[in-house]
Amino acid sequence: MEIRLSDSLEAFRGEVSAFIEENLPDDIRRRVERQEFLDRDTHLRWHRTLLEKGWAAPSWPRDHGGTGWSLAEQYVFEQALAAHDAPRMIAFGFDMVGPMLIRFGTETQKRRFLSKILCGEEWWCQGFSEPNSGSDLASLQCRAERDGDEYVLNGSKMWTTSAHFSDWMFGLFRTEHAERKQLGITVLMLDMKSPGLTIQPIITFDGGHEVNQCFFDEVRVPVAQRIGDEGAGWSIAKYVLGLERLGIAEVARSKAMLARLNRIAHTERSNGLPLARDPSFAQRLAGLEIDLLALEATEQSFLFDPALGEALGAEASILKIRGSELQQSVSELTVDALGYYALPREPDAGSNREQVPPRSAGLVAETYFNLRKISIYGGSNEIQKNIVAKAVLGL
Amino acid sequence: MIELSDEQRLLRESVDRFVREHYDFANRRRIVAADAGFSPEHWGLFAELGWLSAPFAEADGGLGGSALDTALIMEGLGRGLFAGPYLSGVVLAGGLVARGGDEPLRRRVLPGLMRGEQLLAFAFTEPQSRYNLADIETRAVRDGDGYRLSGRKSLVLYAASASSLVVSARTAGATRDPVGVSLFLVDRASPGLEESSYQTVDGHRASEVELHDVRVESCNRIGEAGDALPLIEAVCDHGVVALCAEAVGGMDALYRATLDYLKQREQFGSKLASFQALQHRMVDVYMALELSRSLTFAAARGIDQARDENERQRWASAAKVQIGKAGRHIGREAVQLHGGMGMTDDLAVGHYFQRLCAINALLGDTTHHTQRFAGVSDH
């Protein structure tokens with residue numbers, strides 16, 4: 001069952017799906033389905049395919065190498081990627097620093113950085129959170145002091161995703177201690193090879209290395225690498241975060257996870273029958289499918305509401321809360337479906353993992369543990385609820 | 001709170017002391033990463049302290065302990081996030097030999113187990129069996145005065161450290177028939193037995209075990225041929241309650257750690273503990289913990305005093321459903337309320353959560369035990 005869009009959008013979906021099916025290498029598809037970590041080279045193999053097709057930057061305007069697609073077309077594209085287990089977009093470059101530069105960057109900055117993002121040559125990470133500024137991001141303390149044509153950075157950034165294989169960081173730094181903590185914050189771009197910058201891995205309890213702590217000790221950054229005005233960082237960050245709307249609810253990724261769960265439920269056996277025929281299991285599965293439909297319908301009503309303008313407001317918070325909860329629930333039910341076979345750490349230790357067709361096997365428990373992060377990062381669900389309470393309910 | 005004897009209070013204190021003195025999180029991390037996944041010195045200490053003899057009858061040289069005694073030990077071990085074969089080797093495999101074996105077999109096996117010199121494992125799960133204890137395809141066919149066993153067992157906890165495996169196999173009947181199940185004590189070094197071990201997501205150890213015409217003497221059959229299912233069910237119910245007690249210990253540790261964190265971490269100029277939304281979340285955690293603790297210890301008493309197997313099954317399943325739900329709830333909340341820190345490998349929080357998730361699956365998950373509870377008559 002699908003929520004059908006207009007004929008022209010459905011035709012576009014068909015075109016995108018056919019392209020992905022034809023061009024996505026099988027090993028990459030399988031790794032995405034198993035929710036494995038993709039290294040840079042694997043990402044790039046797929047990225048180059050999209051680049052050649054002209055689809056590498058769906059949300060960018062045409063004159064910067066983007067597609068110029070409408071929001072609805074971008075939505076269909078993202079959905080199709082997820083439905084076919086294609087890799088996600090390379091993070092932070094296309095969705096964050098790219099749009100930031102397009103809107104606030106100087107011509108020199110655009111020329112220097114945008115094309116390198118587009119071709120996948122330079123990877124970016126985002127320096128926002130700090131050890132003492134998580135949910136309360138605006139309280140950030142990492143200092144940038146002006147010294148002639150340079151800023152001198154001291155302090156630390158925490159939970160920096162992909163810092164260990166990124167070329168550049170864009171981050172929020174404190175250039176002034178103002179009365180309102182949102183003032184005095186500035187966006188700077190810095191080379192990850194800058195002297196004085198050290199990266200310390202943070203291993204998460206699922207065993208993965210995605211995030212890091214970055215330490216700045218007298219790191220010098222040219223003033224020419226500032227985006228926008230000094231002190232304008234908070235509003236620039238808010239602008240870019242507000243642009244994000246397609247990836248928030250993750251409905252299409254959840255549907256792909258659910259499809260995989262369905263396959264597992266038809267292979268795993270309970271009392272001699274496929275688990276899918278166990279009434280309690282079938283009920284839980286159906287419940288999740290209905291929850292996802294409700295979220296999908298809500299997502300579409302938000303996305304295509306002409307009254308909402310360029311940026312989502314508190315609607316984004318609703319999508320994030322419900323979207324993260326549902327991803328976690330689908331993943332939890334997948335763990336339950338595998339029973340004892342969710343427990344072995346080495347992926348190929350259990351016989352069911354061989355019996356379950358390769359499309360369905362994978363790091364099920366590890367993914368479940370890893371996905372606890374999605375209700376914490378990018379503004380925890382508690383913070384999102386505060387936003388909805390204030391902005392929508394007027395409390 | 002349930003009333004404890006002086007001996008039971010001492011038992012509880014001795015487990016807490018072990019965790020305090022020998023098993024802090026840094027030490028656990030080191031031990032779990034090493035080959036066997038647990039420390040032989042600790043196992044020796046368990047023997048000295050009497051924990052390995054606690055569940056066995058005095059006539060067999062044990063301390064004649066009850067399910068409540070086992071629960072007290074497991075709760076303390078759970079609080080310390082202990083990883084090792086106490087449940088699988090002592091409560092389950094040891095329990096099967098003790099309750100089902102004839103006297104010569106008990107005399108041959110139990111003393112070494114209680115002294116910590118020999119370890120047993122229990123091989124009962126198969127790739128297709130899920131949580132149905134009777135769903136057994138492994139076959140034992142008569143071979144002169146003994147048997148030959150063939151089949152595959154999965155997730156056999158700590159099989160690599162065991163000298164012998166207690167293996168469930170069919171001497172008669174079709175897969176899932178309640179009749180026709182037998183138990184055998186199989187030397188792990190037997191020709192035809194292949195064992196490959198791995199770490200589980202909660203830091204424990206397990207193996208896939210394949211049996212190819214493995215020869216077993218009749219004297220190593222535990223109990224009567226074809227009649228072992230009621231014994232397996234009874235011993236697994238004791239295992240369920242022991243697991244529940246371990247989970248209670250783990251949930252208690254998570255509750256305390258999270259409360260401490262909220263009292264110490266500041267955001268928006270205030271301690272997190274001052275936010276009412278978070279206070280209410282912690283109250284929910286506390287309630288889930290108290291309900292789990294109470295039901296688990298009631299179940300420990302309940303299975304000790306059960307009039308029949310129906311009552312025993314209902315106690316065990318009720319407790320397992322409660323701790324399955326509460327364990328996930330408390331685990332998720334502990335990670336979430338710790339924020340990013342809760343995701344780190346350095347903090348114990350995520351590791352407790354992993355163990356609580358594994359406990360949910362071990363010996364049957366929430367759905368399985370809800371169905372079982374519903375299906376067993378309460379007279």
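The values are calculated or read from the model by the stated rules, or taken from the named source; none is laboratory data. Quick caveat, the model's predicted, so the values are computed rather than measured. Note: ideal-geometry Cβ built from the backbone for every residue, glycine included; neighbour counts use all protein chains shown.
For region B:279-293, name all the residues that are more than 17 Å from the chain's Cα centre (by Cα) and in contact (Cβ under 8 Å) with a residue 12 or more places away in the chain.
Once the filter is applied, which keeps residues that are more than 17 Å from the chain's Cα centre (by Cα) and in contact (Cβ under 8 Å) with a residue 12 or more places away in the chain, region B:279-293 yields B:Arg281, B:Met282, B:Asp284, B:Val285, B:Tyr286, B:Ala288, B:Leu289, B:Leu291.
When you check B:Phe297 against the structure, is it buried (at least 20 other Cβ atoms within 10 Å of the Cβ) and within 14 Å of chain A (Cβ to nearest Cβ), yes or no?
no
Which of (1) within 14 Å of chain B (Cβ to nearest Cβ); (2) surrounded by 22 or more Cβ atoms within 10 Å (Cβ to Cβ); (3) assigned to a helix (DSSP H, G or I) is the odd one out, the single condition A:Ser254 does not satisfy?
A:Ser254 satisfies every listed condition except (1).
Just give me the residues in region A:63-94 being assigned to a helix (DSSP H, G or I), surrounded by fewer than 17 Cβ atoms within 10 Å (Cβ to Cβ) and among the small types (Gly, Ala, Ser), in sequence order.
A:Ala72, the sole residue that qualifies.
Scan region A:257-273 for residues that are farther than 30 Å from A:Leu312 by Cα and either away from every other protein chain (no Cβ under 11 Å) or of a type in the set (Asp, Glu) (or both) and jot them down.
A:Arg260, A:Leu261, A:Asn262, A:Arg263, A:Ile264, A:Ala265, A:His266, A:Glu268
Show the residue pairs meeting these rules: Cβ distance below 9 Å; 6+ apart or different chains; first residue within region A:334-346 and more than 7 Å from every other protein chain (Cβ to nearest Cβ); second residue of a type in the set (Lys, Arg) and assigned to a helix (DSSP H, G or I).
Listed by first residue and then by second, the contacts come to A:Thr334/A:Arg260; A:Leu338/A:Arg353; A:Tyr341/A:Arg353.
Every residue in region A:25-43 that is more than 20 Å from the chain's Cα centre (by Cα) and either surrounded by 11 or more Cβ atoms within 10 Å (Cβ to Cβ) or farther than 21 Å from A:Arg263 by Cβ (or both), please.
A:Pro25, the sole residue that qualifies.
List pairs: first in region B:112-136 and basic (Lys, Arg), second assigned to a loop (DSSP other than H, G, I, E, B), Cβ under 8 Å, 6+ apart or cross-chain?
Hits for this filter: B:Arg115/B:Leu52; B:Arg130/A:Glu268; B:Arg130/A:Asn271.
Can you give me the number of residues within region B:313-347 that are charged (D, E, K, R) and either assigned to a strand (DSSP E or B) or buried (at least 24 other Cβ atoms within 10 Å of the Cβ) (or both)?
Number satisfying all stated conditions: 1.
Taking A:Thr186, is it assigned to a loop (DSSP other than H, G, I, E, B) and buried (at least 19 other Cβ atoms within 10 Å of the Cβ)?
no
In region A:147-175, what residues are part of a strand (DSSP E or B) and among the β-branched types (Val, Ile, Thr)?
Hit for region A:147-175 is A:Val152, nothing else.
Just give me the residues in region A:10-54 being in contact (Cβ under 8 Å) with a residue 60 or more places away in the chain, aromatic (Phe, Trp, Tyr) and within 30 Å of A:Val335 (Cα to Cα), in sequence order.
Once the filter is applied, which keeps residues that are in contact (Cβ under 8 Å) with a residue 60 or more places away in the chain, aromatic (Phe, Trp, Tyr) and within 30 Å of A:Val335 (Cα to Cα), region A:10-54 yields only A:Phe37.
Across region B:139-175, what is the total count of residues that are of a type outside the set (Gly, Ala, Ser), under 23 Å from the mean Cα position of the chain (by Cα) and either in a strand (DSSP E or B) or surrounded by fewer than 24 Cβ atoms within 10 Å (Cβ to Cβ) (or both)?
Going through region B:139-175 one residue at a time, the tally reaches 8.
Can you name the residue in region B:364-379 that is assigned to a loop (DSSP other than H, G, I, E, B) and facing chain A (nearest Cβ under 10 Å) and, of all such residues, is surrounded by the fewest Cβ atoms within 10 Å (Cβ to Cβ)?
Applying the filter and picking the extreme gives B:Asp365.
Of all residues in region B:148-182 being of a type in the set (Val, Ile, Thr) and within 12 Å of another protein chain (Cβ to nearest Cβ), which is farthest from B:Ala134 (Cα to Cα)?
Once the filter is applied, the top-ranked residue is B:Val156.
Being of a type outside the set (Gly, Ala, Ser), within 14 Å of another protein chain (Cβ to nearest Cβ), closer than 25 Å to B:Gly269 by Cα and surrounded by fewer than 19 Cβ atoms within 10 Å (Cβ to Cβ) is the filter here, so list the residues in region A:123-162 that pass it.
Passing the criteria: A:Pro131, A:Asn132, A:Asp136, A:Gln141.
For region B:81-106, give me the residue count where each residue is under 15 Å from the mean Cα position of the chain (by Cα) and part of a loop (DSSP other than H, G, I, E, B).
Counting residues in region B:81-106 that are under 15 Å from the mean Cα position of the chain (by Cα) and part of a loop (DSSP other than H, G, I, E, B) gives 5.
With respect to B:Leu185, is the statement that it is touching a residue at least 60 places away in the same chain (Cβ under 8 Å), within 14 Å of chain A (Cβ to nearest Cβ) and more than 19 Å from the chain's Cα centre (by Cα) true?
When the stated conditions are applied, B:Leu185 does not pass them.
Among (1) at pLDDT 95 or above; (2) closer than 25 Å to B:Asn132 by Cα; (3) touching a strand residue (DSSP E or B) at 6+ places or on another chain (Cβ under 6 Å), which single condition is A:Trp234 missing?
Going through the list (1) at pLDDT 95 or above; (2) closer than 25 Å to B:Asn132 by Cα; (3) touching a strand residue (DSSP E or B) at 6+ places or on another chain (Cβ under 6 Å), A:Trp234 breaks only (2).
Going by what's in this entry, would B:Asp213 be described as closer than 17 Å to B:Lys153 by Cα and either within 14 Å of chain A (Cβ to nearest Cβ) or part of a strand (DSSP E or B) (or both)?
yes
Could you look through region A:365-395, keep only residues that are among the polar types (S, T, N, Q) and in a helix (DSSP H, G or I), and pick out the one that is nearest to A:Asp336 (Cα to Cα)?
So, considering only residues that are among the polar types (S, T, N, Q) and in a helix (DSSP H, G or I), the one nearest to A:Asp336 (Cα to Cα) is A:Thr367.
Among the residues of region A:187-200, is there at least one that is over 18 Å from A:Arg143 (Cβ atoms) and within 14 Å of another protein chain (Cβ to nearest Cβ)?
yes
I need the full set of residues from region B:25-63 which are in contact (Cβ under 8 Å) with a residue 40 or more places away in the chain, surrounded by fewer than 17 Cβ atoms within 10 Å (Cβ to Cβ) and not in a helix (DSSP H, G or I), in order please.
Matches in region B:25-63: B:Ala57, B:Gly61.
Taking region B:159-213 as the region of interest, how many residues are more than 21 Å from A:Gly272 (Cβ to Cβ) and among the hydroxyl-bearing types (Ser, Thr, Tyr)?
9
Out of A:Phe304, A:Phe281, report the one residue that is in contact (Cβ under 8 Å) with a residue 12 or more places away in the chain, within 14 Å of chain B (Cβ to nearest Cβ) and aromatic (Phe, Trp, Tyr).
Answer to the check: A:Phe281.
Just the residues that are more than 14 Å from the chain's Cα centre (by Cα) and under 19 Å from B:Val235 (Cα atoms), please, taken from region B:318-328.
The answer is B:Ala318, B:Val321.
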